[in-house]
Amino acid sequence: MPLALLALAISAFGIGTTEFVMMGLLPNVADDLGTSVPTAGYLVSAYAIGVVIGAPLLTALGSRIPRKRMLVGLMAVFTVGNLASALAPSFGLLIAGRVLAGLPHGAFFGVGAVVAARLVRDGRQARAVATMFLGLTVANIVGVPAATLLGQHLGWRATFLVVAGIGLVAMAALAVLVPRLSREHQGGLGHELRAMGNRQVLLGLLTAVFGFAGVFAVYSYLSSMMTKVTGFSETSVTLVLALFGIGMTLGALAAGPLTDRALRPTLYGSLGALAVALVVFDFTVHVKWAALITVVVLGAVGFMTTTPLQMLVMSKARHAPTLASASNHSAFNLANAGGAWLGGLAIGAGWGWTSPALVGAVLAAAGLGIALTAGLLDRGAPRDATRVVAQGAGETPSREPAA
């Protein structure tokens, strides 16, 4: 694999760390800024709002910018957003810093996925994209726990200063390791918007919203389930979250080669397995060893959906994949917010702490239904000789992974 993928993975590590670390620092931030923990929870939503807004907006604004320069610029915005968060004197300005840090998230992964696919030969493009996503999974195993401990001992501001430092390292790695890519076929905003109108792209994004919401319906309340139902102590929750991150890493490693071999079957299988695992978790959560095994499985099958979904929208957008690729991350963050909201409604309705697992199973099944419908509709569509996965930036057309 090219060293440029390492630069993309380092960037993903920083992004994943800052996205999830706030969940563990909410009490510290609330105490320091004189607000309540529920109010401090808006800081999680602020980042997600930044992602949803920034993915299409920054991708559109940067549609004519060379992709290497775009990646470095997006990491610069990320770095400034985390620095602003670290130095924020008030809760309102911290909200603004979190929104700013979230703005480049979707655009970075959208552009980064297109670049990653261009760096390797045909038949290995999904593996290249999955390698970039490994940075996110490692962040959940190492970055988030380490950053949380740092914030608890040295103050939450130290955490965001360190993340800003990671951003600087990522910028340097991108500048040195990512090659200059040709622009001769790089389309403008009009091409990107037309690609977004493709029915298969829209169905792919809708699959991401419903399918991945099943993951976050449970992940958002995993700590509470482990302490209130399974019987783990609060100090053990970090280990549980790390196991979820290990599962995510295993899922990312498996998703790359599987997606290169058979895209749609990988998507169907991961969504189906996710729905089943969530139903099983409703039972295994009551037994410590079984709960831990299921947490790893949930992380694996949940994250295994990301690579085929990313490759699907890129391949169907064909000549202008960047906006569709970035919008996929807006869809993931809508899934984050929607899954957490629906899981919370189930708990609030008195259905019990395990009810988000069943809610998640329904959401995953809905995502599978949308994916199957899209696959059936695609079978009746005329096919060209080639399906371009990363075209739009001067690359050679490549065949779509088998569907």
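Beyond 16 Å, the tail of the calculated P(r) for the stretch 1-122 holds 61 percent of the Cα pairs.
Taking R124, R264 and ordering them by how much accessible surface each has at a 1.4 Å probe, largest first, produces R124, R264. Once the C-beta distance of R261 and V169 is scaled by a Förster radius of 41 Å, the resulting FRET efficiency is 0.75 to the nearest 0.05. For the residues A12, A48, A291, a GNM of the chain with alpha-carbon springs under 10 Å puts the largest fluctuation on A291.
Largest to smallest in accessible area, the residues Y268, Y219, Y42, Y47 fall in the order Y42, Y268, Y219, Y47 (1.4 Å probe, all protein chains included). Per-residue SASA remark: L58, around 40 Å² accessible (1.4 Å probe; ligands, DNA and RNA not included).
Using a 1.4 Å probe over the heavy atoms of the protein chains, calculate the carbon and sulfur portion of the accessible area of the chain as a whole percent. Working shown, then result.
Details: 10490 of 15170 Å².
Carbon and sulfur atoms account for 69 percent of the accessible area of the chain.
Cross-link partners of K288 among lysines, defined as those whose alpha carbon lies under 19 angstrom from its own and excluding same-chain residues fewer than eight positions apart: K228. Counting every pair of alpha carbons in the stretch 341-382, the share spaced more than 16 Å apart comes to 50 percent. Among the helices of the chain, those built from whole DSSP H runs whose Cα atoms reach 24 Å or more along their own axis and whose mean Kyte-Doolittle hydropathy is at least 1.6 are 42-61, 156-177, 199-219. For the chain, modelled as a GNM with alpha-carbon contacts under 10 angstrom, which of A217, A173, A30 fluctuates the most? Taking springs between Cα atoms under 10 Å, the residue moving most is A30.
As a ratio to 2.2 N^0.38 Å, the alpha-carbon radius of gyration for the chain is 0.93.
For the chain, adding -39500 (n - 2.57) for each run of n ≥ 4 DSSP H residues and dividing by the number of residues yields -26000 deg cm²/dmol at 222 nm.
Working note: Debye formula, equal point scatterers on the alpha-carbon atoms of the stretch 246-390, no solvent; log10 I(q)/I(0) at q = 0.09, 0.21 Å⁻¹ is -0.32, -1.38. Once the C-beta distance of S90 and R199 is scaled by a Förster radius of 41 Å, the resulting FRET efficiency is 0.35 to the nearest 0.05. The label-point distance for L57 and L177, in a model that sets each label 7 Å from Cα toward Cβ, rounds to 3.0 nm. For K68, the solvent-accessible surface with a 1.4 Å probe is about 40 Å², rounded to the nearest 10. When the residues D378, D122, D282 are ordered by accessible surface, computed with a 1.4 Å probe over the protein chains alone, the sequence from largest down reads D122, D282, D378.
For the chain, averaging the sequence separation of C-alpha pairs within contact (under 8 Å, six or more residues apart) and dividing by the residue count gives a relative contact order of 25 percent.
The C-alpha atoms of the stretch 301-369 occupy a region whose extents along the principal axes are 49, 18, 18 Å, arranged from largest to smallest. The Rg/Rh ratio of the stretch 50-173, with Rg taken over Cα atoms and Rh as the Kirkwood radius over Cα pairs, comes to 1.00.
Beta carbons within 10 angstrom, averaged per residue: use that to sort the peptides 76-85, 95-104, highest first.
Ranked from most to least packed, the peptides come out as 95-104, 76-85.
Highest GNM mean-square fluctuation among L358, L33, L312, for the chain modelled with Cα contacts below 10 Å: L33.
The values are calculated or read from the model by the stated rules, or taken from the named source; none is laboratory data. Quick caveat, the model's predicted, so the values are computed rather than measured. Neighbour counts run over all protein chains shown; Cβ positions are idealised from the backbone, glycine included. Accessible surface areas use protein heavy atoms only, side chains included; no ligands, DNA or RNA. Shrake-Rupley method; radii C 1.70, N 1.55, O 1.52, S 1.80 Å.
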